[in-house]
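Coordinate-derived values only; no laboratory data. As the structure is a prediction and not an experimental result, all values here were calculated from the model. Here the Cβ positions follow ideal geometry from the backbone for every residue, glycine too, while neighbour counts run over all protein chains shown.
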Amino acid sequence: MLVNSFINQDIISVTQFDPAKLEYIFARAHEMRQMVEAQNGNDLLKGRVLACLFYEPSTRTSSSFIAAMERLGGSVIPITQGVQFSSVSKGETLADTVRTLEQYADVIVLRHPDVGSAHVAAEYAHVPIINAGDGAGEHPTQALLDLFTIWEELGTLEGLKVAMVGDLRNGRTVHSLTKLLMHYNVSLRFVSPEILRLPLTLMNEVIDHKIDVRETHDVADVIKNADVLYVTRVQKERFTDLAQYEEVKGHYEITPEIMSQAKQKMVVMHPLPRVGEIHYAVDNDPRAAYFRQVKNGMYIRMALLASVLGK
């Protein structure tokens, strides 16, 4: 029997999740998908309020959380633009901001540029904090929707060959998904330029888990055997030296020619936004799952919101 262990809990890091908890959230997300497809939404969270506090620009994540709450009948305080013109510009701390918002809301979703900011918010808040990305740290809800997408697309999380391509140094989505994949019997292939390699601490963690892992600079080394090709953009906003960014920004491009070398049953994923890493000509390929991935994000966030609010 699946048990909800998330009531009134913060969702800060993927390290909170083990296979049993992942199974629970995925089962709830699958229920949410069926409910939305059948009746568009329900009133499960009627009377509950979500505060979306985004210190960084966001389209998909903020919209996904807002849609998730509204599909469940709840309300939203959307602080997703103009945070720089709010009390923050007057010097208000993150601690005081979340302590203010919890007077209005039952749960707070936070995106912040500083690693560890979600931990700080959770320390001071008395309502659940959900981490929607903290700098180059973690993005746990993205990792959950990514893993859920793999499961939905391929029907399993065991025995897969997963290749991650692009900015592996700064990509919080890559960091979080890698940590979740370590719960399963997978092979990992990391494809990046030298300056964007996976952080050594995380690579050592992968090795310590006895995962079959290799690094390469060439997509051609992995495309033929990959079950999952997880592509990421080179994140200009994480570079202090723009010359370095210009040097690596177009390093990898997934084209129909490259896809012609891939398995017939595999999936191409991307956390979006893309800036040229996957050609538009690939979009009609049935293996291109990145927009289905976006919709899965709403179902996962519906499941999380319902779970932390005890429904």
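Worth pointing out:
- For segment 140-294, the spread of Cα coordinates along the three principal axes comes to 42, 39, 29 Å, biggest extent given first.
- Under 19 Å of direct C-alpha separation, and excluding same-chain neighbours fewer than eight residues apart, Lys21 reaches these aspartates and glutamates: Asp10, Glu31, Glu138, Asp146, Glu152, Glu158.
- Within the chain, helices built from complete DSSP H runs that reach 15 Å or longer along their own axis (Cα positions) and carry a mean Kyte-Doolittle hydropathy of 0.0 or higher are 140-154, 290-308.
- When the helices of the chain are scored as -39500 (n - 2.57) per DSSP H run of n ≥ 4 and the total is divided over every residue, the value at 222 nm lands at -11000 deg cm²/dmol.
- In the chain, the ratio of gyration radius to Kirkwood radius, Rg to Rh, stands at 0.96 when only Cα atoms are counted.
- Modelled FRET efficiency - R0 30 Å, Glu70 with Ile211, Cβ distances, 0.05 increments: 0.15
- Highest-fluctuation residue, Ala122, Ala220, Ala262 considered, GNM on the chain with Cα pairs under 10 Å: Ala220
- A straight Cα-to-Cα reach below 15 Å connects Lys263 with the aspartates and glutamates Glu153, Asp221, Asp227, Asp285, residues fewer than 8 places away in its own chain not being considered.
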